[in-house]
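Notes follow once the structure below has been shown.
Since every read-out is calculated from the coordinates, none of them should be taken as a lab result. Remember, predicted model here, so these are calculated numbers, not experimental data.
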Amino acid sequence: MKSNAQSARSLDQRSSDRVQVRLAGKLFVPAENTTLDCTVVNLSIGGAGLYCPEPPPLDAFTVLYVDGFGRFDAVTTRYVKGELGLKFVCKEARIKKLADDLAAFVKHGMTGYTRLRRHGRKPAETAIDFFTLADGSPVKCRVLDISFQGAMLETALRPAVGELIQLGQTKAWVVRHHQEGIGVQFLQACEADDGR
């Protein structure tokens with residue numbers, strides 16, 4: 001009974017309702033320069049709960065990428081029964097966008113989930129012609145298109161999904177393979193990404 005009461009108090013302390021989800025995610029821990037595969041099991045404008053094999057320590061700054069919802073700066077706050085809790089530390093505009101996305105997710109379920117990727121891509125106008133692997137090796141590529149959140153690259157070498165690379169001055173992780181190369185998600189927020 002005591003543990004149930006503690007759980008109830010913990011839920012009451014949350015600043016917003018959690019939406020139960022089951023989405024693939026990646027958790028980047030800058031202090032350790034590691035990226036962890038994770039499963040996001042609940043999501044709110046205040047934070048998220050997720051499962052990952054080797055969670056980072058509490059009070060660690062992290063960057064969470066949730067498939068379909070984008071990236072969020074966060075701090076680890078708790079680890080209970082295998083679930084890691086994160087508190088988001090995002091700008092107000094980013095939180096407002098998440099609130100809209102969560103409302104659409106709740107209303108439309110997985111069919112609405114595909115609508116959530118709002119940053120339209122455009123043909124790339126860039127001189128970037130290579131990316132760098134974690135070991136420093138350059139890999140020739142061509143940027144097919146790019147958005148504030150990521151890019152599609154044409155490349156003969158396809159690093160594994162989840163692997164960190166550097167494109168220009170921006171770190172990114174590989175989130176998918178496609179016929180011509182790879183899709184990457186940027187780790188750093190672009191200044192122009194105001195959440196709209």
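Expected output is a single nm value to one decimal: the length gained when fully extending between residue 169 and residue 103, i.e. 0.36 nm times separation in residues minus the C-alpha distance. What is it? Write out the running numbers ahead of the final one.
Working: separation 66, 0.36 × 66 = 23.76 nm, distance 3.45 nm.
The span from residue 169 to residue 103 would gain 20.3 nm if fully extended.
Could you grab the relative contact order for region 34-88? Cα pairs under 8 Å, six or more apart, rounded to a whole percent.
Details: 100 pairs, mean separation 18.0, N = 55.
Over region 34-88, the number comes to 33 percent.
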